[in-house]
1. Within the stretch 161-214, which trypsin sites (Lys or Arg not before Pro) sit in a loop by DSSP and count at most 12 neighbouring Cβ atoms inside 10 Å?
2. Which shape class, rounded, prolate or oblate, goes with the stretch 66-194 when its Cα gyration tensor gives a ≥ b ≥ c as root eigenvalues, a/c under 1.5 marks rounded, and past that a/b bigger than b/c marks prolate?
3. From the convex hull of the Cα coordinates of the stretch 184-262, what is the mean projected area in square nanometres?
4. Give me a comma-separated list of calculated 3J(HN,Hα) values for the stretch 107-112, in order, Karplus coefficients 6.51, -1.76, 1.60 applied at θ = phi - 60°, integers in Hz, x for any Gly or Pro.
5. Of Lys33/Lys106; Lys221/Lys360; Lys79/Lys140; Lys79/Lys221; Lys124/Lys221; Lys33/Lys124, which pairs sit farther than 31 Å apart, going by alpha carbon to alpha carbon?
6. How much of Lys298 can a 1.4 Å solvent probe reach, expressed as accessible area in Å² and rounded to 10?
7. How fast does the stretch 233-322 diffuse by Stokes-Einstein, in µm²/s, taking the Kirkwood radius from C-alpha pairs at 4 °C and 1.567 mPa s?
8. Show me the ranking of peptides 37-45, 135-143, 350-358 by mean Cβ neighbours inside 10 Å, starting with the highest.
Amino acid sequence: MAKHIRLKHLHRDKSPIVPGASPGTLDLKPVAKPPAINVISYALDRCEERTLSAPADIPPFLCKPGVTWIDVAGPCDEKTLRELAALFDIHPLTLEDIAHSPQRPKADLYDHYHFILARMVMLKAADDMEAAQLSIILGKNYVLTLHDEPDCLDPVRQRVRRSGGMHRRSGAAYLAYSILDTIVDHYFPVLERYGEFLEELEMQTVTNPSPRTFMQLHTAKRELLDLRRVIFPQRDTVNQLIRDDSPLIPQEVRIFLRDCYDHAVQVMDIVETYREITSGLHDVYLSAIANRTNEIMKVLTIISTIFIPLTFLAGLYGMNFDTNASPWNMPELKSPYGYVGLLLFMLLTGCSLVGYFWHKGWIFAADRESNQ
């Protein structure tokens, strides 16, 4: 039996937005502990990492030459978001999108920064996945990321720490590209697990379809639809970054973004293929159940057909009529061999019907084909 994979969505704030609220309204629940603020400040010849206690400790790193990556991990309270907004001059609409997740992936260009929303999907175990929102604010010499824990950005951190790497020689736009590319690349192992799961479901659907198999197919179809809803706008987001005439994204980074766009298109094609496979397996399941029902009904019909004449004979000779005084005597009623003769006749009738059904191919058809 295939073990179903689960897609768990991590939300920064599960409280609904109040209808009619003014733009930029923040309606956040209190958090148990403040988020972790990790800063990586790097240039060609240096890389410095710090864990800060408050947003007020960030400005000294922004004054240093090179690129500063501020990573805010964990649910934010309103005070922290307001401090970050004042520090980076973040628009209220951007704050609203950051605070109330999940949002549709998108890219918005403001006067002095580029706001990018993406969705991370991480494979945590063989049957467990997590999806979370990642907010990226791209400035001239900094990248601010906000997300729930955990994340999938460790490969980017390792490349930033590597001396002489591409990140050390590039600006903030290349770091934002690397984050987006890592997010898109993490969809591939997730989809690979889905492919293995669908292969197992295909074997079950063909060999031993059951209600559990049907429920797994239905759940997989719904979760693939959820993935499509995430990947489709994310692909458009990368395409928008390529086409937008933003001074924050130089031409040499747009070349890398085109490669990221190709990966997003490939992921989208895989999701569409798996959705078609799931729909096909759904039809195969219904056909298999219908065929099984037909086989059962065929066997029951054949058994009933065989016993119809036998029941007729048994009922005919079971009638309590005295035929001695009648010219219409029941055959062999008084014969000492009548009972045995009737049983043999009934056996011959049953065997004749079985042979006729076999000759027509209504029963034992698979055995006949295997012997040929």
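The values are calculated or read from the model by the stated rules, or taken from the named source; none is laboratory data. Quantities reported herein were computed from a predicted structural model and do not represent experimental measurements. Quick reminder, even Gly has a Cβ in these numbers, built from the backbone with ideal geometry, and neighbours come from all protein chains shown. These accessible areas exclude ligands, DNA and RNA; they are computed on the full protein's heavy atoms, side chains included. Shrake-Rupley method; radii C 1.70, N 1.55, O 1.52, S 1.80 Å.
1. Those satisfying the criteria are Arg162.
2. Details: a/c = 1.91, a/b = 1.18, b/c = 1.61.
Cα axes put the stretch 66-194 in the oblate bin.
3. Orientation-averaged projected area of the Cα hull: 6.0 nm².
4. 9, 10, 9, 10, 4, 10
5. Lys221/Lys360; Lys79/Lys221
6. Ignoring ligands and nucleic acids, Lys298 comes out at about 70 Å².
7. Working: Rh = 19.5 Å.
D = 67 µm²/s.
8. 135-143, 37-45, 350-358
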